[in-house]
1. Name the residues in segment 94-132 that are in contact with a Ser or Thr (Cβ under 9 Å, 6 or more places away or on another chain) and at positive phi, would you?
2. Return yes or no: is residue 121 part of a strand (DSSP E or B) and of a type in the set (S, T, N, Q)?
3. Given the criterion in contact with a helix residue (DSSP H, G or I) (Cβ under 8 Å, 6 or more places away or on another chain) and small (Gly, Ala, Ser), identify the matching residue among 45, 9.
4. Of the conditions (1) surrounded by fewer than 19 Cβ atoms within 10 Å (Cβ to Cβ); (2) touching a residue at least 24 places away in the same chain (Cβ under 8 Å); (3) small (Gly, Ala, Ser), residue 103 satisfies every one except a single condition; which number is it?
5. Considering each residue of segment 183-217, count those that are open to solvent by less than 70 Å² (accessible area, probe 1.4 Å), out of contact with any helix residue (DSSP H, G or I) (no Cβ under 7 Å at 6 or more places or on another chain), part of a helix (DSSP H, G or I) and touching a residue at least 24 places away in the same chain (Cβ under 8 Å), and give that number.
6. Go through segment 8-28 and count every residue that is among the hydrophobic types (A, V, I, L, M, F, W, C) and open to solvent by 50 Å² or more (accessible area, probe 1.4 Å).
7. Give segment 56-90 a look and list any residue that's assigned to a helix (DSSP H, G or I) and surrounded by fewer than 16 Cβ atoms within 10 Å (Cβ to Cβ), or say none.
8. In this structure, does residue 97 turn out to be surrounded by 22 or more Cβ atoms within 10 Å (Cβ to Cβ), over 15 Å from the mean Cα position of the chain (by Cα) and at pLDDT 95 or above?
Amino acid sequence: RFDPARPGGYPTVYLLDANLFFDDVVKAFRRAARKGELPPVIVVGVGYRDFAAMDSLRQRDYLMPASDSVPGSGGGDRFLRFLCAQLVPYVNERFPTDTSHTALAGHSFGGYFTLHAMLSTFLHGETPFTCFVAASPTADYAGGVLAQAWESAATEPPGPALRVFIGHEDEEPGTMRTIHVLQQSFGSRSVDRLYRGADHMAVALPSFTDGLKALWGAAAH
């Protein structure tokens with residue numbers, strides 16, 4: 001049961017593509033909380049007016065930099081600023097959130113954006129997120145520019161609170177390259193899981209649940 005006066009607040013998960021995933025993710029998190037595998041969490045669905053809007057706008061909001069391979073792409077930094085400067089403060093003002101446990105979770109293009117947001121946090125410390133769950137991230141986007149950026153950034157020491165989980169259905173080179181860099185830099189705070197035999201869409205829900213179990217588990221109670 002939701003307690004508006006919960007001491008320390010609730011860990012909070014910002015879920016991208018919520019038009020598609022929100023209901024199933026909430027059910028899965030509730031089951032995991034009843035079993036003691038996860039703490040009770042606040043789930044904030046980040047979505048669009050309807051599915052048609054989601055299909056037309058997610059590549060604009062989730063991808064950075066712009067690429068001719070995906071029309072309309074390139075707005076990732078602007079969308080990240082919206083989350084950090086408007087949405088997260090709005091939620092924190094109105095709900096009892098544990099700001100030391102704030103997760104961002106996304107699938108496919110959303111998984112790419114999640115790793116992009118983590119890179120911004122890693123380099124600049126300017127986002128409120130401490131935990132990142134990327135399901136089937138589109139790591140080969142724009143010629144693997146994200147993996148290249150991580151390789152350049154990984155010489156910097158990671159902040160002690162940052163944690164990342166990557167779920168994937170195959171061993172796509174861009175994904176494995178990114179995983180390798182993160183594991184070298186973050187050690188045990190970087191977890192990956194191969195869902196062998198799953199298709200691209202089927203990786204999303206187990207990644208979101210398994211990711212928070214691996215990175216938070218009972219520790220965020």
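The values are calculated or read from the model by the stated rules, or taken from the named source; none is laboratory data. Quick caveat: nothing in here was measured; it's all calculated off a predicted structure. Cβ placement follows ideal geometry from the backbone for every residue including glycine, while neighbour counts extend to all protein chains displayed. SASA here: full protein model, heavy atoms, side chains in, ligands and nucleic acids out. Shrake-Rupley method; radii C 1.70, N 1.55, O 1.52, S 1.80 Å.
1. Selection gives 108 alone.
2. no
3. Result of the check over 45, 9: 45.
4. Evaluating residue 103 over (1) surrounded by fewer than 19 Cβ atoms within 10 Å (Cβ to Cβ); (2) touching a residue at least 24 places away in the same chain (Cβ under 8 Å); (3) small (Gly, Ala, Ser) leaves (1) as the failure.
5. Qualifying residue count for the region: 13.
6. 2
7. Taking segment 56-90 and keeping what is assigned to a helix (DSSP H, G or I), we get 56-62, 76-90.
Of everything in segment 56-90, those that are assigned to a helix (DSSP H, G or I) and surrounded by fewer than 16 Cβ atoms within 10 Å (Cβ to Cβ) turn out to be 56, 57, 77, 78, 81, 82, 85, 86, 87, 89, 90.
8. Working: surrounded by 22 or more Cβ atoms within 10 Å (Cβ to Cβ): yes; over 15 Å from the mean Cα position of the chain (by Cα): yes; at pLDDT 95 or above: yes.
Considered against the rule, which asks whether it is surrounded by 22 or more Cβ atoms within 10 Å (Cβ to Cβ), over 15 Å from the mean Cα position of the chain (by Cα) and at pLDDT 95 or above, residue 97 comes out as yes.
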